[in-house]
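K.L.:
Take a look at this one; I'll ask things after.
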C-alpha cells in the first residue's frame with residue numbers, strides 16, 4: 001500500500017535542526033487527496049518529518065505491519081516546538097495564515113504562555129491561488145524575521161504545496177503545516193475534549209459541528225482509506 005511509501009516520523013525531534021526542515025501531517029483524508037494530487041503527494045514524500053496524525057493511520061500500521069505507533073496530532077506538533085524554544089529560554093516563531101483576528105488571539109495567548117518568544121504573524125489574502133507578488137510578500141516577511149519555527153495554517157493541501165514549492169527560499173529552521181491548529185490555539189474553534197481525543201474519536205464532535213465542511217473527509221475519504229487498507233492486506 002502506498003501509505004508505507006511515505007516515511008512516517010514516529011518520534012518528534014528533541015532539538016531544532018541546523019538546516020531547514022519541513023514537518024507535515026498525514027491522516028486518511030490527506031492520504032486520499034494525495035492519490036489524486038501528484039504535487040501534494042510529492043510534498044508529503046519530501047517531508048523531513050511526516051507525522052501520523054489520525055487514528056486511521058495508527059490502525060493501518062497495526063493492521064498491515066503489526067507495528068504499534070502513536071498518533072501525534074498537529075496540535076501536539078505545535079506545542080512540541082513551542083516547548084523546545086521555551087526550554088532554550090529564547091526563540092522566534094512566525095504564523096502564516098488565518099485571519100488577522102485569529103492571529104491576534106494567537107499572539108495574546110503566546111504572550112501569556114510563552115512570553116520569552118518573539119512572534120510575528122501575517123494573514124495572506126484568502127484565495128485559492130496566490131500571485132507571484134503575493135508569494136514574494138509572504139517570503140519577504142518571513143525572511144526579514146528569520147524565525148526558528150514557521151507555522152503555516154492555510155488548510156491542506158494548499159499549505160503543504162505552498163511550503164514545498166517555496167521552501168528553498170525560506171529562512172527558517174523548521175516549517176510546520178498545521179492547518180486547523182491556528183483556530184484551536186486561538187480559541188476561535190473549540191477542540192474536542194480530552195475524552196474524545198483519548199477515545200480516538202476527536203473527529204466525531206468536529207464532524208457534528210461542521211458537517212458541511214467535513215463531510216467529504218469523513219464520508220468519502222475515511223471509507224476509501226479503509227477499503228485501500230483492507231485491499232492491501234488481502235494482497236499481502
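The values are calculated or read from the model by the stated rules, or taken from the named source; none is laboratory data. Source: prediction; values computed, not measured. FYI the Cβ positions are ideal-geometry reconstructions off the backbone, even for glycines, and counts take in every protein chain you see.
K.L.:
Suppose the filter is within 20 Å of residue 174 (Cβ to Cβ) and assigned to a helix (DSSP H, G or I); does residue 107 pass it?
P.N.:
So residue 107 fits the description; yes.
K.L.:
How many residues are modelled with pLDDT of 90 or more and under 14 Å from residue 69 (Cα atoms) if we restrict to segment 9-24?
P.N.:
Counting residues in segment 9-24 that are modelled with pLDDT of 90 or more and under 14 Å from residue 69 (Cα atoms) gives 1.
K.L.:
Right, next: With the condition kept exactly as written, say whether any residue in segment 141-159 is in a helix (DSSP H, G or I), surrounded by 22 or more Cβ atoms within 10 Å (Cβ to Cβ) and either within 14 Å of the chain's Cα centre (by Cα) or on the phi < 0 side of the Ramachandran plot (or both).
P.N.:
Looking through segment 141-159, at least one residue is in a helix (DSSP H, G or I), surrounded by 22 or more Cβ atoms within 10 Å (Cβ to Cβ) and either within 14 Å of the chain's Cα centre (by Cα) or on the phi < 0 side of the Ramachandran plot (or both).
K.L.:
Name the residue that is farthest from the chain's Cα centre (by Cα), counting only residues in segment 176-201 that are modelled with pLDDT under 90 and in a helix (DSSP H, G or I).
P.N.:
The qualifying residue farthest from the chain's Cα centre (by Cα) is 195.
K.L.:
Right, another one. Just to be sure I understand, how many residues within segment 160-175 are in a helix (DSSP H, G or I) and either within 17 Å of the chain's Cα centre (by Cα) or under 24 Å from residue 33 (Cα atoms) (or both)? Let's see the steps before the verdict.
P.N.:
Start the filter on segment 160-175 by keeping residues that are in a helix (DSSP H, G or I), which leaves 160-169.
From the residues that got through so far, the ones that are either within 17 Å of the chain's Cα centre (by Cα) or under 24 Å from residue 33 (Cα atoms) (or both) too are 160-167.
Going through segment 160-175 one residue at a time, the tally reaches 8.
K.L.:
A further question on this structure: Has segment 129-140 got any residue that is outside any helix (DSSP H, G or I), more than 16 Å from the chain's Cα centre (by Cα), in contact (Cβ under 8 Å) with a residue 24 or more places away in the chain and under 24 Å from residue 13 (Cα atoms)?
P.N.:
The answer is no, given that none of the residues of segment 129-140 is outside any helix (DSSP H, G or I), more than 16 Å from the chain's Cα centre (by Cα), in contact (Cβ under 8 Å) with a residue 24 or more places away in the chain and under 24 Å from residue 13 (Cα atoms).
K.L.:
So, one more: Any residue that is out of contact with any helix residue (DSSP H, G or I) (no Cβ under 6 Å at 6 or more places or on another chain) and assigned to a helix (DSSP H, G or I) - is there at least one of those in segment 40-47?
P.N.:
Yes, segment 40-47 has at least one match.
K.L.:
Has segment 202-217 got at least one residue that is in a helix (DSSP H, G or I), within 24 Å of residue 109 (Cβ to Cβ) and modelled with pLDDT of 95 or more?
P.N.:
no
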